[in-house]
1. Check B:Val55, B:Val119, B:Val40 and return the single one that is surrounded by fewer than 24 Cβ atoms within 10 Å (Cβ to Cβ) and either free of Cβ contacts under 8 Å to residues at least 12 places away in the same chain or of a type in the set (Val, Ile, Thr) (or both).
2. Exactly one condition in (1) open to solvent by less than 30 Å² (accessible area, probe 1.4 Å); (2) under 19 Å from the mean Cα position of the chain (by Cα) is not met by B:Phe153; state its number.
3. Within segment B:58-81, is there a residue that is in contact with a helix residue (DSSP H, G or I) (Cβ under 7 Å, 6 or more places away or on another chain), at pLDDT 95 or above and more than 30 Å from A:Pro113 (Cα to Cα)?
4. Being open to solvent by 10 Å² or more (accessible area, probe 1.4 Å), part of a helix (DSSP H, G or I), more than 16 Å from B:Val55 (Cβ to Cβ) and not small (Gly, Ala, Ser) is the filter here; which residues of segment B:226-257 pass it?
5. Of everything in segment B:127-150 that's at the interface with chain A (Cβ under 9 Å from one of its Cβ atoms) and crowded, with 19+ Cβ neighbours inside 10 Å, which residue is nearest to B:Pro201 (Cα to Cα)?
6. On the given criteria, is A:Ile25 of a type in the set (A, V, I, L, M, F, W, C), in contact with a strand residue (DSSP E or B) (Cβ under 6 Å, 6 or more places away or on another chain) and either farther than 17 Å from A:Val233 by Cβ or surrounded by 20 or more Cβ atoms within 10 Å (Cβ to Cβ) (or both)?
7. For segment B:96-108, what are the residues that are open to solvent by less than 10 Å² (accessible area, probe 1.4 Å) and either in contact with a Gly (Cβ under 9 Å, 6 or more places away or on another chain) or modelled with pLDDT under 95 (or both)?
8. Every residue in segment A:62-87 that is hydrophobic (A, V, I, L, M, F, W, C) and surrounded by 21 or more Cβ atoms within 10 Å (Cβ to Cβ), please.
There are 2 protein chains.
Amino acid sequence: MTKQQLVDQIQSKQSYLCVGLDTDIEKLPAGIPKTAAGVVAFNKAIIDATAPYCVSYKINTAFYESQGVKGWGAMEETLAHIPSTHFTIADAKRGDIGNTSAHYAKTFFEVLPFDAITVAPYMGKDSIDPFLAYTNKWTIVLGLTSNAGSQNFQQQKLMNGQFVFESVLEQVASWATAEQLMFVVGATKAEDLGVIRKIIPNHFLLVPGVGAQGGSLADVTKFGKNDAVGLLVNASRAVIFASGENDFAEKSAIAAKDYALQMKQLLG
Amino acid sequence: MTKQQLVDQIQSKQSYLCVGLDTDIEKLPAGIPKTAAGVVAFNKAIIDATAPYCVSYKINTAFYESQGVKGWGAMEETLAHIPSTHFTIADAKRGDIGNTSAHYAKTFFEVLPFDAITVAPYMGKDSIDPFLAYTNKWTIVLGLTSNAGSQNFQQQKLMNGQFVFESVLEQVASWATAEQLMFVVGATKAEDLGVIRKIIPNHFLLVPGVGAQGGSLADVTKFGKNDAVGLLVNASRAVIFASGENDFAEKSAIAAKDYALQMKQLLG
């Protein structure tokens, strides 16, 4: 999916919601078997219910890998069920030396035909280049994450006066255009989004941390929006586990619709 | 496997070789089918041939994931074939917020019963804690990697005078003991190992970059060895792809034995 196609989707729906399929098998609603097949059935129902209100789905690979071979199969089946209108993200946070990253890129761009993958920056340019080599796909690099541990390294101050995460944003942004590169920026740091937008005015930001993690959608939008909207705000648990009962799909649609309505107002 | 058991293995064999099963399906020898079953057959032959000369096997998850569901199955079968005497490492470089990292820990410590997993530090303490919660397992955190891209972030200088990678080593080492925590330190930076040993004198180092990547085993041992040896030196392509013909297993044994003999001399 090109940047223009994504922007068109967002403008047409007036929603920049990404639904995170962090499908924890232990949290499946009553009536859904706690099996890989149950995960797929649950995901399909969530996707069918929420598709009108979001523009993207993010599959968190950890929740599938922890079910072994069958979980990997459930990830494949889930991805195949997402409508082609929606931007698909493998939230995999991979990154390794070049020839290894090339295999991760093949995994999540070819074997599993996602539009995008999240990538960890610690190993530097040659660990990210194999993903960027797919110019028709998207690489989403961790910038500033929403967890407490972001203070340990990301928010350390460099000799040149930048925070480590600022150096990551600045350097990585010089390696690819906003047509194939995005950044993860946590919603719990909404006040930092203004600073971040000075470094990367044009790139899309994938923003987790709204909902269960406590970030404010209004603040994220105020500080993070650019001329092309430039935001994908992710909500996972708050949408997919909105109810633990038989009405789980209906309730997930209500939660997603509520986000979409807030987004429409914030864009208006 | 406890630290003492690992040290005993190393002392008894006079080898600290880790063989990296970076089994690229495209590089399988003539006569081995380029399928997941071929990968398993190849790995089993390599393991059987090299086991006397090494103390550890490292499975690079990327090379299995890029074969999809069948590749994940091949990883399971390969792991199951490694003798319990050998220290098993999932070279997965995972790391995410707490509840996600917990699923990765479950994946590589329970579903796939590895002894150890490699972890990326960028997201900080709460992204690593779920791995450390398995006190009977090993968490191997990226410190200084052997690729050119290590200069982009790892080797940036912090305001406090440390390099980023030194801060990673120092902080992470304060979160767990040398009984359950190791670090990845690249062999192409052997001269840095002296500095690194001042920060983390007691922790085991997993050292990639010898062999195909050009690091010197003698230098790594000189600068990196501690009283308990404290080194696992990995060779992947140089051992497993020592021959592309029918004699691939025999040639991998010769390559592994050659490393082991060098190690015996260096320890002597």
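The values are calculated or read from the model by the stated rules, or taken from the named source; none is laboratory data. Owing to the predicted nature of the structure, the values given are computational and were not obtained by experimental measurement. Note that we place each Cβ from the backbone using ideal geometry, even for glycine, and neighbour counts take in every protein chain shown. Note: accessible area is taken over every heavy atom of the protein model, side chains too, but ligands, DNA and RNA are not part of it. Shrake-Rupley method; radii C 1.70, N 1.55, O 1.52, S 1.80 Å.
1. Sole residue among the options that is surrounded by fewer than 24 Cβ atoms within 10 Å (Cβ to Cβ) and either free of Cβ contacts under 8 Å to residues at least 12 places away in the same chain or of a type in the set (Val, Ile, Thr) (or both): B:Val40.
2. (2)
3. Scanning segment B:58-81 turns up at least one residue that is in contact with a helix residue (DSSP H, G or I) (Cβ under 7 Å, 6 or more places away or on another chain), at pLDDT 95 or above and more than 30 Å from A:Pro113 (Cα to Cα).
4. B:Arg237, B:Phe248, B:Glu250, B:Lys251, B:Ile254
5. B:Leu142
6. Against the criterion (of a type in the set (A, V, I, L, M, F, W, C), in contact with a strand residue (DSSP E or B) (Cβ under 6 Å, 6 or more places away or on another chain) and either farther than 17 Å from A:Val233 by Cβ or surrounded by 20 or more Cβ atoms within 10 Å (Cβ to Cβ) (or both)), A:Ile25 does not qualify.
7. If the condition is that a residue be open to solvent by less than 10 Å² (accessible area, probe 1.4 Å) and either in contact with a Gly (Cβ under 9 Å, 6 or more places away or on another chain) or modelled with pLDDT under 95 (or both), then B:Ser101, B:Tyr104, B:Thr107 are the ones that fit.
8. A:Ala62, A:Phe63, A:Trp72, A:Ala74, A:Met75, A:Ile82, A:Phe87
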